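The structure appears right after this line, and notes come after that.
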Amino acid sequence: MREFMTGNHAVAHAVKLCRTPLIAAYPITPQTPIYEKLSEWESSGLLQGIMMRTESEHSAMASCIAASLTGVRTFTATSSQGLALMHEMLHFAAGCRAPIVMANVNRLLAAPWGFWADQLDSLSQRDTGWIQFYCENGQEALDSVIQAYKIAEQVFLPVMICLEAFFVSHFMEPVEIPAQEEVDRFLPPLNLPHRFDIEKPGFLVPVVSSDLYRKYRQMMQRAMDSVKTVAAQVDDEFKTTFGRSYGIIEPILVEDAEVLLVTAGSMTSTARMAIQTLREKGYPVGLLKIRLFRPFPVEALQQTITGKKKIVVIDRNCSIGSGGIFCQELRAALIHSPDPPFVYNYLAGIGGTDVTPDTIGKIALDAIRRVDPADESIWWVDV
Amino acid sequence: MKSPEQQPNFLRPGHAACAGCGLAVGMRLVLQAMGPKTIAVIVPSCEGSIGGVYPNTAYGVPTIHSAFEIAAPTAAGIANALKIQGRHDIQALAFAGDGGTFDIGLAALSGVAKNNDDIIYVCLDNEGYMNTGIQVSSSTPSFAWTGTTPGGNPRRKKNIMEIMAAHYNPYSATATIGFPQDLQQKIIKAKRIRGTKFIHLLSPCPTGWRMPPELSADISVLAVETNVFPLYEIENGVRWTINYEPRGLPVEAYLLKQGRFKHLTSEQINQIQQDVNEEWARLNQRAGSSSSKDRTSRSTKGFKHGKK
């Protein structure tokens with residue numbers, strides 16, 4: 001069934017289709033429509049389960065962890081300050097190996113205040129042990145939530161589905177809603193190990209020795225590494241069932257490209273248009289979309305990028321003191337490449353500033369003209 | 001149903017509590033009254049530390065060591081998941097210290113009480129951050145010495161019971177280890193009520209209160225007999241019942257046995273006495289306007305220390 005809806009409502013549909021019985025949430029702009037839509041369905045009985053209307057995002061995540069460990073599928077949604085408030089519990093969720101799925105609507109962090117798209121909120125949670133996907137549009141957000149449960153429940157790590165404020169969260173597009181029976185087939189009922197067994201009482205989250213702590217961290221890292229394969233498999237299965245797939249990265253007109261733009265999230269749609277225009281003008285420009293950010297798909301990126309001369313990473317985020325975060329990660333991934341390309345970092349769209357196809361075209365031309373490498377990020381302002 | 005005394009000990013020997021720890025006695029009594037069909041939540045605090053280091057644990061029911069400020073929403077998450085699974089026979093029990101309840105966990109507890117999630121929350125109140133080595137909390141009484149109030153605590157103890165009552169939650173009660181039957185009766189009563197139940201359990205701490213370990217039980221009796229810590233319960237935030245008529249001993253009987261109060265001046269002791277008298281009068285007023293009949297029926301029931 002195809003419906004005209006926002007990215008937020010697409011996420012809510014996915015949660016309902018996954019039959020998630022426990023949702024814990026707290027309102028924050030621009031995520032609130034997810035919480036409201038799910039509350040509406042819970043009240044009307046369309047969604048079978050319990051909506052925990054908590055007093056903070058921190059408690060929402062605490063309840064999700066506890067419920068997940070008790071053996072039920074859980075969901076929460078947040079944004080910006082709410083995600084930052086959750087930070088302590090994000091580490092805890094991953095450490096507990098709780099397969100929670102969360103939607104984060106990427107909104108800038110204060111101060112100063114604002115509500116606009118910026119990926120720094122979720123990117124600054126990159127070390128918490130959560131799998132992270134960045135979505136280009138509402139359809140991808142819906143599909144990624146369904147895929148997320150399948151991945152999380154195999155590798156026992158939580159998943160964050162990121163969609164940008166307003167550009168995705170509030171923008172209305174036609175979205176294909178999968179049939180319930182198909183989702184039920186794709187995502188079987190949850191069967192988690194019993195973490196609380198009355199017959200055989202155990203103790204969860206004990207104090208452990210240094211050695212054991214290291215061992216558990218190593219196990220988490222291994223599980224996280226496996227996500228690159230598991231996520232690709234789940235995406236393939238998804239294609240078989242629903243006819244759509246996204247890859248963990250997506251190369252667009254890469255083969256004959258000399259210059260490769262790299263984007264994540266909604267800016268990718270804009271870049272798709274921009275490279276068409278650039279190609280028409282004779283510039284050998286391609287595009288690479290990074291969808292899976294944690295774990296960072298190092299091998300897939302290395303393979304795609306081999307032989308390219310210039311990489312242009314456009315970041316809608318800035319780690320103050322370092323620069324664009326997608327660029328940092330990509331540079332680190334390419335360091336042992338045989339003939340490493342120049343990797344330029346353009347900061348564009350920060351704080352939700354507009355990035356048009358023309359903006360991306362100008363960034364590409366600026367990079368093409370450069371002869372020397374640049375370590376520093378370039379703050380791009382259209383002139 | 002087995003009586004509490006027939007239940008096994010769910011806080012097993014070998015735990016790492018200090019000698020005379022009121023908190024460990026309190027937990028044992030609570031868990032005994034809860035019985036085996038319990039999932040317990042503990043948080044960083046003395047109860048988090050005494051349970052042992054992996055692979056050893058003193059806890060005899062399934063237990064999770066959650067984060068400091070989230071005893072309530074952790075228990076609520078478990079309770080709601082159990083509800084979804086149809087496991088109505090199992091109850092979620094949260095233990096938190098006074099720091100985890102009065103201070104850092106207050107918002108989270110308030111959120112759960114607002115939703116009336118079906119948990120029993122036990123605040124093990126030893127009147128300070130004892131696990132980190134005796135620092136002031138908002139539960140520390142007036143003028144008491146702690147490591148961060150070396151000149152004595154300048155503020156009064158926060159009234160957590162009134163805060164809970166303001167949520168109109170179905171049941172809140174005070175208890176202490178000096179009155180074990182009263183404590184266990186309250187737990188058994190709480191188990192029968194659906195919604196957020198709160199037990200404020202005064203748990204003497206010989207280490208932090210600077211007193212000999214053998215005094216824990218006596219001191220908790222004296223806390224009640226001096227009206228410093230009256231035993232009462234609040235139903236639905238409006239129906240107040242005093243469970244025990246104390247002898248009304250002067251507060252010195254309680255204060256002077258504890259090193260943390262040894263520096264008190266007579267003015268300070270008078271001030272505490274005055275505060276205690278006012279609180280007691282106010283409590284009686286509330287209990288009187290709730291129901292005097294109920295009060296008399298409870299006040300003579302089941303206490304070894306009943307009014308002579």
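The values are calculated or read from the model by the stated rules, or taken from the named source; none is laboratory data. Bear in mind the structure is a predicted one, so any value in this text is a computation, not a measurement. Glycine gets a Cβ as well: all are built from the backbone with ideal geometry, and neighbour counts include every protein chain shown.
Numerical summary
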{"read-out": "Pairs, first at the interface with chain A (Cβ under 8 Å from one of its Cβ atoms) in segment B:34-60, second part of a helix (DSSP H, G or I) and of a type in the set (S, T, N, Q), C-beta under 6 Å, six or more apart", "value": "B:41/B:74"}
{"read-out": "In segment A:20-36, residue farthest from the other protein chains (Cβ to nearest Cβ) [restricted to those that are in a loop (DSSP other than H, G, I, E, B) and within 18 Å of residue A:70 (Cβ to Cβ)]", "value": "A:20"}
{"read-out": "Residue within segment B:104-120 that is at pLDDT 95 or above, of a type in the set (Ser, Thr, Tyr) and farther than 23 Å from residue A:75 by Cα present", "value": "no"}
{"read-out": "Flag for residue A:371 being touching a Ser or Thr at 6+ places or on another chain (Cβ under 7 Å) and among the aliphatic types (A, V, I, L, M)", "value": "no"}
{"read-out": "Segment A:192-237, residues that are of a type in the set (S, T, N, Q) and within 14 Å of chain B (Cβ to nearest Cβ)", "value": "A:209, A:210"}
{"read-out": "Residue check, residue A:211 surrounded by fewer than 14 Cβ atoms within 10 Å (Cβ to Cβ) and of a type outside the set (Phe, Trp, Tyr)", "value": "yes"}
{"read-out": "Residue list for segment B:142-160, restricted to those being crowded, with 20+ Cβ neighbours inside 10 Å and either in contact with an Asp or Glu (Cβ under 8 Å, 6 or more places away or on another chain) or outside any loop (DSSP other than H, G, I, E, B) (or both)", "value": "B:144, B:146, B:157, B:160"}
{"read-out": "Filtered residues of segment B:181-215 (kept if surrounded by fewer than 23 Cβ atoms within 10 Å (Cβ to Cβ) and in contact with a Gly (Cβ under 9 Å, 6 or more places away or on another chain))", "value": "B:181, B:185, B:191, B:206, B:207, B:210, B:211, B:212, B:213, B:214, B:215"}
{"read-out": "Selected residue (criterion: farthest from residue A:294 (Cα to Cα)) from residues of segment A:202-227 that are outside any helix (DSSP H, G or I) and in contact with a Phe, Trp or Tyr (Cβ under 7 Å, 6 or more places away or on another chain)", "value": "A:203"}
{"read-out": "Matching residues, segment A:264-294, being more than 18 Å from residue A:135 (Cβ to Cβ) and among the hydroxyl-bearing types (Ser, Thr, Tyr)", "value": "A:277, A:283"}
{"read-out": "Qualifying positions in segment B:77-92 - buried (at least 22 other Cβ atoms within 10 Å of the Cβ) and either more than 8 Å from chain A (Cβ to nearest Cβ) or in contact (Cβ under 8 Å) with a residue 60 or more places away in the chain (or both)", "value": "B:79, B:91, B:92"}
{"read-out": "Selection count where residues are of a type in the set (A, V, I, L, M), without any contact (Cβ under 8 Å) to a residue 60 or more places away in the chain and closer than 14 Å to residue A:341 by Cβ, scope segment A:261-305", "value": "3"}
{"read-out": "Filter result (among the hydrophobic types (A, V, I, L, M, F, W, C) and facing chain B (nearest Cβ under 7 Å)) within segment A:39-61", "value": "A:50, A:52"}
{"read-out": "Boolean, residue A:348 is surrounded by fewer than 19 Cβ atoms within 10 Å (Cβ to Cβ) and either outside the structural domain of residue A:301 (by TED's automatic domain parsing) or touching a helix residue (DSSP H, G or I) at 6+ places or on another chain (Cβ under 8 Å) (or both)", "value": "no"}
{"read-out": "Candidate set from segment A:65-104 (those that are within 14 Å of residue A:162 (Cβ to Cβ) and among the polar types (S, T, N, Q)); member that is nearest to the other protein chains (Cβ to nearest Cβ)", "value": "A:76"}
{"read-out": "Segment B:95-114, subset in contact with a helix residue (DSSP H, G or I) (Cβ under 7 Å, 6 or more places away or on another chain) and facing chain A (nearest Cβ under 10 Å), residue nearest to residue B:132 (Cα to Cα)", "value": "B:105"}
